[in-house]
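Worksheet: one structure, shown below.
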Amino acid sequence: EAAVTQSPRSKVAVTGGKVTLSCHQTNNHDYMYWYRQDTGHGLRLIHYSYVADSTEKGDIPDGYKASRPSQENFSLILELASLSQTAVYFCASSDLEQYFGPGTRLTVL
Amino acid sequence: GDSVTQTEGLVTVTEGLPVKLNCTYQTTYLTIAFFWYVQYLNEAPQVLLRSSTDNKRTEHQGFHATLHKSSSSFHLQKSSAQLSDSALYYCALSPSRNMGYKLTFGTGTSLLVDP
């Protein structure tokens with residue numbers, strides 16, 4: 001049973017549109033994270049959260065918002081999607097070791 | 001801040017031969033754990049190895065790594081590479097809980113094992 005799930009698994013969005021990526025974990029972990037993966041850049045942290053109703057900026061937060069309505073759920077929001085946000089996005093939860101979801105492939109056209 | 005350096009972007013090795021992926025780091029915070037993550041094609045990253053103890057060899061799935069704090073290194077090795085080892089490998093370090101367990105990743109090394 002997958003402990004970190006993401007939806008959608010892939011999405012095509014238009015430039016300027018709003019995109020919401022969702023993540024759900026059943027690990028009972030306090031910490032959750034959003035990363036983007038680009039060839040040549042590895043995994044870069046966008047936002048993270050250590051408790052419901054609170055989020056923190058990661059290393060590359062510009063252009064992204066995050067929401068943690070409950071311990072289990074963590075969303076990443078692109079209010080105005082841009083071409084440069086085309087990437088694979090991973091969610092993870094952690095109790096020291098991070099457990100990743102399967103990823104969402106986002107293409108912005 | 002912390003940083004992790006993986007000097008090779010791509011390592012190619014013939015099946016059955018040994019392989020070594022390099023990882024060095026710099027840390028200004030109390031780092032409590034070091035990891036190697038592996039990511040197979042179209043899959044999520046997953047932990048391959050984890051270590052917190054200086055000079056102790058850690059092994060899993062035929063791979064091994066030893067944390068050497070004196071040289072700030074945590075290299076990954078395998079004595080006999082297999083075709084199924086072809087993947088992307090990340091070295092990472094983690095601070096303590098009060099730093100949010102925020103992993104610092106290297107840029108990754110792609111390992112290609114040829115028959």
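Quick notes
- Filtered residues of region A:61-96 (kept if modelled with pLDDT under 95 and under 11 Å from A:Tyr48 (Cα atoms)): A:Ser94
- Condition check for B:Glu15: touching a helix residue (DSSP H, G or I) at 6+ places or on another chain (Cβ under 6 Å), at pLDDT 90 or above and surrounded by fewer than 15 Cβ atoms within 10 Å (Cβ to Cβ): yes
- Whichever residue in region A:61-81 is surrounded by fewer than 21 Cβ atoms within 10 Å (Cβ to Cβ) and touching a Leu at 6+ places or on another chain (Cβ under 7 Å) and, among such residues, is farthest from the other protein chains (Cβ to nearest Cβ): A:Gly63
- Selection within region A:1-43 - closer than 20 Å to B:Tyr90 by Cβ, part of a strand (DSSP E or B) and small (Gly, Ala, Ser): A:Gly42
- So B:Leu30, is it modelled with pLDDT of 95 or more, loosely packed, with under 13 Cβ neighbours inside 10 Å, in contact with a Ser or Thr (Cβ under 9 Å, 6 or more places away or on another chain) and farther than 16 Å from B:Ser110 by Cα: no
- Subset of region B:59-103 (residues that are farther than 22 Å from B:Glu43 by Cβ and among the polar types (S, T, N, Q)): B:Thr66, B:Ser70, B:Ser71, B:Ser72, B:Ser73, B:Gln77, B:Ser79, B:Ser80, B:Ser96, B:Asn98
- Output for region A:43-58, where each listed residue is buried (at least 18 other Cβ atoms within 10 Å of the Cβ) and either more than 7 Å from every other protein chain (Cβ to nearest Cβ) or on the phi > 0 side of the Ramachandran plot (or both): A:Ile46, A:His47, A:Ser49, A:Thr55, A:Gly58
- Residue within region B:64-71 that is in a strand (DSSP E or B) and within 30 Å of A:Glu56 (Cα to Cα) present: no
- Of all residues in region B:35-60, those that are more than 19 Å from B:Val4 (Cα to Cα) have Cβ atoms under 9 Å from Cβ atoms of residues that are loosely packed, with under 13 Cβ neighbours inside 10 Å, 6 or more apart or on another chain, in B:Tyr40/B:Ser84.
- Every residue from region A:1-22 that is in contact with a Lys or Arg (Cβ under 9 Å, 6 or more places away or on another chain) and of a type in the set (D, E, K, R): A:Arg9, A:Lys11
- Residues of region A:63-86 classified as outside any loop (DSSP other than H, G, I, E, B), aliphatic (A, V, I, L, M) and over 18 Å from A:Gly101 (Cα atoms), total: 2
This table checks each residue for (1) crowded, with 17+ Cβ neighbours inside 10 Å; (2) in contact with a strand residue (DSSP E or B) (Cβ under 9 Å, 6 or more places away or on another chain); (3) of a type outside the set (D, E, K, R); (4) at the interface with another protein chain (Cβ under 10 Å from one of its Cβ atoms).
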{"site": "B:Glu43", "(1), (2), (3), (4)": "no, yes, no, yes"}
{"site": "B:Gln46", "(1), (2), (3), (4)": "no, yes, yes, yes"}
{"site": "B:Leu49", "(1), (2), (3), (4)": "yes, yes, yes, no"}
{"site": "B:Gln61", "(1), (2), (3), (4)": "no, yes, yes, no"}
{"site": "B:Ser70", "(1), (2), (3), (4)": "no, no, yes, no"}
{"site": "B:Ser80", "(1), (2), (3), (4)": "no, yes, yes, no"}
{"site": "B:Leu88", "(1), (2), (3), (4)": "yes, yes, yes, yes"}
{"site": "B:Leu93", "(1), (2), (3), (4)": "yes, yes, yes, no"}
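- Checking region A:2-10 against the condition returns no match, with no residue being within 16 Å of B:Gly100 (Cβ to Cβ) and within 14 Å of chain B (Cβ to nearest Cβ).
- Region A:28-39, subset surrounded by fewer than 17 Cβ atoms within 10 Å (Cβ to Cβ) and of a type in the set (S, T, N, Q), residue farthest from A:Gly103 (Cα to Cα): A:Asn28
The values are calculated or read from the model by the stated rules, or taken from the named source; none is laboratory data. As the structure is a computational prediction, the values presented were derived from the model and not from experiment. FYI the Cβ positions are ideal-geometry reconstructions off the backbone, even for glycines, and counts take in every protein chain you see.
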